[in-house]
Structure formats: C-alpha cells, structure tokens
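The values are calculated or read from the model by the stated rules, or taken from the named source; none is laboratory data. The structure presented is a predicted model; accordingly, all values stated were derived computationally and were not measured. As a convention, Cβ positions derive from the backbone with ideal geometry for all residues, glycine included, and neighbour counts pool all protein chains shown. SASA here: full protein model, heavy atoms, side chains in, ligands and nucleic acids out. Shrake-Rupley method; radii C 1.70, N 1.55, O 1.52, S 1.80 Å.
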Protein chains: 2
Amino acid sequence: MRITLDALEVLDAIDREGGFSAAARRLHRAQSAVSYAVRQLEEQLGLQLFDRDGWRAHFTPAGRLVLDEARRALAAAQRVEAIAAGLDQGWEPRLAVVVDAVLPLGPVFAAIAELDAAGAPTRVEVVSATLGGVPRRFDEIDADLMLAKELAPRADLHLLPLAEVEMVLVAAPAHPLAQQGGISRASLDAHRELLVYDSGAPMPAASEHALGSSRRFLLADFGSKQQALLAGLGYGWLPTSLCTGLLQQGALVELPLEHGSRFRFVPTLAHRRDRPLGRAGRALLGLLTAEPSPG
Amino acid sequence: MRITLDALEVLDAIDREGGFSAAARRLHRAQSAVSYAVRQLEEQLGLQLFDRDGWRAHFTPAGRLVLDEARRALAAAQRVEAIAAGLDQGWEPRLAVVVDAVLPLGPVFAAIAELDAAGAPTRVEVVSATLGGVPRRFDEIDADLMLAKELAPRADLHLLPLAEVEMVLVAAPAHPLAQQGGISRASLDAHRELLVYDSGAPMPAASEHALGSSRRFLLADFGSKQQALLAGLGYGWLPTSLCTGLLQQGALVELPLEHGSRFRFVPTLAHRRDRPLGRAGRALLGLLTAEPSPG
DNA sequence: AGACTCCATCGGCTGCGTTGATGGAGAATG
DNA sequence: CATTCTCCATCAACGCAGCCGATGGAGTCT
C-alpha cells in the first residue's frame, strides 16, 4: 500500500474547506504540510489532482473522481474504528435477519433505524423470503435472526412468539366472487386461487390454508400477489398489512367466506442457541417483541 | 483518521502468513516492526486483536472481525489507486447502463465480463427497466448508456442501432387459444392479454403492439410475464430470448396469428452527446454493437 | 496601489517507525 | 529429558518522512 489514508483525508478536507490553507486550518497543520501531502499523492497516483492557476487551486475532473473514491476508502477505514469501538461495548459487526414476506417489514426497518440512532456500528442485512425459503435463506446466509410465519421445530433455535398477524381473503371488486353473498369453500373451487410459492423449493408445496381450488396460480412474492389480486386474476389471502389501505379504497374487497374470511397466526422470532446475540441483535429482538405489530 | 492503512495491511499479512515473523518477511520488514505496528493498532482501537499464549499469536474473535472490516478498507484504498491508474489510460471510474428488460441481458453481462478481463477498474452499474421507465431511469441515475426498445427523439442523445430482436406471441399449451388454428385479431379479444407496464408511470400507457383485448393484465416485468404465461393466465408477446427454450420444451406454444405471430424491432443504443464516453464506455459500446445479438 | 489571500518551495528539526539484538516461552527432535 | 528451533516482546539506536515557519510569486479586493 503506497497511498496513505492521511493523504486522502487531506484531499477530503480541501474539498470541504475549499482550499489548501483552509484545509490546513481544519486539520490543525501548517499549510505547507497540505501542499506537501497533495504533491506526494499526485506523484504516487501519477495524476494531476488540482489545477493551479496561480491563485486558488481547483480540483481537476480526474481529481474529483479520485476524491469520490477516496471518500469511500475513508468511510471504510472509519468503519474499522467504529467496529472496534462497538465491539468494546458489545455491538456485533454484522447482524443478518431473514423476514418472511407475509410479515410487515415496516417495524423491522423502524427498529433498525432506532439501532442506527443509538449509534450501533452494526452492518444490518435484511433478507425477505417466503415459506420454506425463510429457514433456507437463514442457513444460507448464516443469519442471526429469523422472523417466520411457521417454523419446523429445530433443536438449535430459540423461539419467541411475535404479535399476531391477520390474513384476509380478498379479491378485486370486479371479480365474480365479489358479487356473491355467503361463499362456501366449494364455490371457491370454480375460481383461481393465487398463491405465493417458494421459488427455491423443487415443487410448490401445498400451503396449509390453500383452499381447494382446482386452478391455482403461483406467484413469487406478495408484491406480485397483491398486483395480481388488484388485476382481478383471482382471489387469495393477503396479510392485513398489505391490504387494509386497498380495502378502504375499495380496490380490493373482503370475500364473505362462510367459515370465516380471516384467520390469524402468531409469527415466530428465532435465533440460534449456540451463538449469543450481540448488543444489536438483543436490541432488535427487544424492539420487535415490544412492538404491538410483529416483524 | 488515527489508524493507518499500513497497520491494516500488516494485519492482513499476519493472517495470510500465519504469524508475525512470516508477515514481516512478506512485508520485507523486521519482525519487531510488525510487533510494533500490531501493538500500536491495538492501542488505537482499544482492543486486543491477538491472543499471545507466549508462542504463536492467534487472532482473537474480535481481531478476526476487525480483520474482516480492515480488508474492505484495504480494497477501497486499492480502488483509489486503480481508479487513478485507470484514469491515466482513459478508463472512467463509473459507467451506468440502463437496459430495457425486453432485451437479453446476457450479452451485456458478457461484455462487462470482457471489460473486467481487460483490467478496467470501472465500476459498472446495470439497471433494468421497462418502457417509459428506461429513459426515466437513465436520467434519474445520470447513466452513460441506454439500451432501449424505442426512444422518443432527444437532441442530447446520440443513437446507434443494435441487432434486431424478435417478439413472439405465445401462450401455455393448455390455454384455449393454443387449441385453435388460425387466430384472428378479433378472436384474441375474448382472452386476457398479459402486458408489461411501467410501474413508475402514472397510468399504464397502451403499448403499440397491445392487441385489442378487452381484458388486459399488467405485470411489472418480463420475468413475471413469463411466469404468468407459463401458468396459463393469458397470452402475450415475449422476446425470443425469453422463450425459445420454453417453446422447444413445449412449456409455451406460439399462437398462429393470421397477420403474423412474430414481429421484429431494432433496439437503440443511446449515449449523451455532451459527455464523451470513457474507455470502458467505448469498449462496451463496441462489444455491444459488434455482438450479433443485441443488448 | 496597497493590502490580502492563496499556494509553492525551502531549510531545519522532531519524532515515528525502522532495524538488529536480546530474552522468554512453547514446539520439535532425538 | 536435553537440545535446538521458532515465535514473539522489548529495548536502544538511528534515519528519514513529514511537520513547521519563513519566504516569495501570483491573483483578488477596495
């Protein structure tokens, strides 16, 4: 490594302050030190970074591009310090969370924002998945937390319940089913059910709440499912988090199913027994289980 | 900036070589210099990076995490050097390309791979979009190149033709239309046409080749459209790049439309007149226009 | 025209990071 | 078990990289 972070910091200071002298003041150094650092960097890079028209020095276009890249390097270096400082206080450097797409993502992002606000240097990774894809991705990316709809029992996981999520059976207002009154399960049979399936699994497994429709359409995620429902392609279950607004607007209607057009389930939050959560993980866990709305 | 890249490089060398002494040899320094650098870094970070059991020094868990982050910082710094070296030879640091989703992405990625192989330090960004979303994203991300199906004339753009793309009218074999012989445009009317629309536009604009179907379903991208076609949701146009394999397998069939079930168009490659392309941009342009298959 | 600000350059000095030597501790070998 | 080897910590000594302050040229402001 020939170039030094210090030189890059000088570059940054020059841009922030608008000149060598001002940069020198900001860095508490003599102006000549700044000149020296710049000249040296220019020689090392073999590139002219500034136009000296005898008066104020301006970045050359190339200089500005180097500056841009330099700032990334500085940020990376600062992350090293932040990680170190964080480790001291129990913050882990990485926290990966897999979230089932049926669960609302809003609270997760809100909780992560709170973590940031608390000064956590942790690099948080959020991955969304569906059905069997949830535990699969959990293992694939070696994640720390998992928010799933339902989970096959595993000895290595510690589970916590989250607040209930409600699913509603809906369709577009133009859909034939929307015209009917009381709907029997049998009458659903004549129409297309839209289902989210796990694109990673070899064959789409029948979901517990898949109604006995002869024709089923399989979609990769709940966003697509929402779109397909709005387009009137069929009927299907949506979590209330994805359709309350649409129901109010009348873009979707709830189907009056005889045995109940809604069902609830308690999603699960899981983390590994063998690897204790860091401070960020514990904080996120606390925020999520405290939230009235899960996930 | 208190920590120095040099110290991080020492850390990296220790891990690669497996010890302080070996690292010192790799770095062509005395072993004491390595010890000194490590001690200093540990003090600066306020963290013990190594377990000294009197014999070989091992990374502590914290040390390994710091090392991981340090490597990112080193890579970022090396990018600064690479950018500078590249600028010297005309490489631009960033090249953003917007590609219409109807065009095959394969050749684009192949061309980018060739750029990498040629040692380009350029950070290439590829964004996929549909219809009106293509020029919109081009402006939004201030991209350099755009590969579009059709483009409203703009004075600030220089246009080049690409190789033809062929679209085929297809449906699933189980679809009623697949059973028929010669299909008139009117007979399509009774069935659902699947269309890709630009989710960013206020209202889905009627596409030129949208047949006069009374029921149209709007999908966000060609991946969804392909899925929907396979599921038998309706009929629609697909580029041959997305369906030749499926046609051979029999998963989709071509619909014998009276006035032709295929049409071709010449996609356009555009770049800004006011901003000359860098070496990577010119190379990519050359690779793309030379390719038999466009996009 | 004079006063300022800006940046380049130079001599001189300080101290950081280097080297090489030394020593303690575990590992390898017989 | 003794010997030898490698590994790392520590220390004194030193050299040069990088800092400072001064000086000077060039452009700007009033």
With the radius of gyration and the Kirkwood radius both derived from the Cα set of segment B:1-76, what is their ratio Rg to Rh? 0.92
Just order B:168-177, A:40-49 by mean Cβ neighbour count inside 10 Å, highest at the front, would you? B:168-177, A:40-49
Under 11 Å, Cβ to Cβ, from A:E92 - net charge with Lys/Arg +1 and Asp/Glu -1: +4
Note on segment B:5-88: contact order normalised by length, alpha-carbon pairs under 8 Å, 6 or more apart, percent, works out to 26
Restricting everything to alpha-carbon atoms, can you work out Rg to Rh for segment B:110-157 with a Kirkwood hydrodynamic radius? 1.04
Sequence-separation-based contact order of chain B, relative, with Cα cut under 8 Å and 6+ spacing, percent: 22
Ratio of Rg to Rh for segment A:1-160, alpha carbon only, Kirkwood? 1.19
Net charge near A:R56 (other residues with Cβ under 14 Å of its Cβ; Lys, Arg +1; Asp, Glu -1) is -3
Distance in nm between pseudo-label sites at A:S32 and B:Q48 (7 Å out along the Cβ direction from Cα): 4.6
Over the Cα atoms of segment B:234-295, compute the convex hull volume and normalise it per residue, giving Å³. 137
Pair-distance profile P(r), taking every C-alpha pair of the protein assembly as shown, with 20 angstrom steps and integer %: 16, 39, 35, 10, 0
Within chain A, which DSSP H helices have Cα atoms that stretch 24 Å or more along the helix axis and a mean Kyte-Doolittle hydropathy of at least -1.0? A:61-88
Taking all pairs of distinct alpha-carbon atoms in segment B:66-132, Kirkwood radius in angstrom: 13.8
Pop out the carbon and sulfur fraction of the accessible area of segment B:1-134 as a percent, whole number, probe 1.4 Å. 50
In the Gaussian network model of chain B, springs joining C-alpha atoms below 10 Å, which of B:T60, B:T244, B:T268 carries the largest mean-square fluctuation? B:T60
Please list, or write none, the aspartates and glutamates whose alpha carbon is within less than 15 Å of the alpha carbon of A:K149, excluding same-chain residues fewer than 8 places away. A:D100, A:E164, A:E166, A:D198, A:E208, A:D221
May I ask you to rank A:D68, B:D274 by accessible area, largest first, using a 1.4 Å probe over the protein chains only? B:D274, A:D68
Peptide-level mean, for A:39-46, of C-beta atoms on other protein chains within 10 Å: 2
Report, as a whole number in µm² per second, the diffusion coefficient that Stokes-Einstein gives for chain A at 37 °C and 0.692 mPa s using the Kirkwood radius over alpha carbon pairs. 141
Using a 10 Å cut-off around each Cβ of peptide A:81-90, what is the average number of partner chain Cβ atoms that fall inside? 5
Could you give the dipole magnitude of the protein assembly as shown about its Cα centre, charging the beta-carbon of Lys and Arg +1 and that of Asp and Glu -1, in debye to the nearest 20? 180
Using a 10 Å cut-off around each Cβ of peptide B:15-23, what is the average number of partner chain Cβ atoms that fall inside? 0
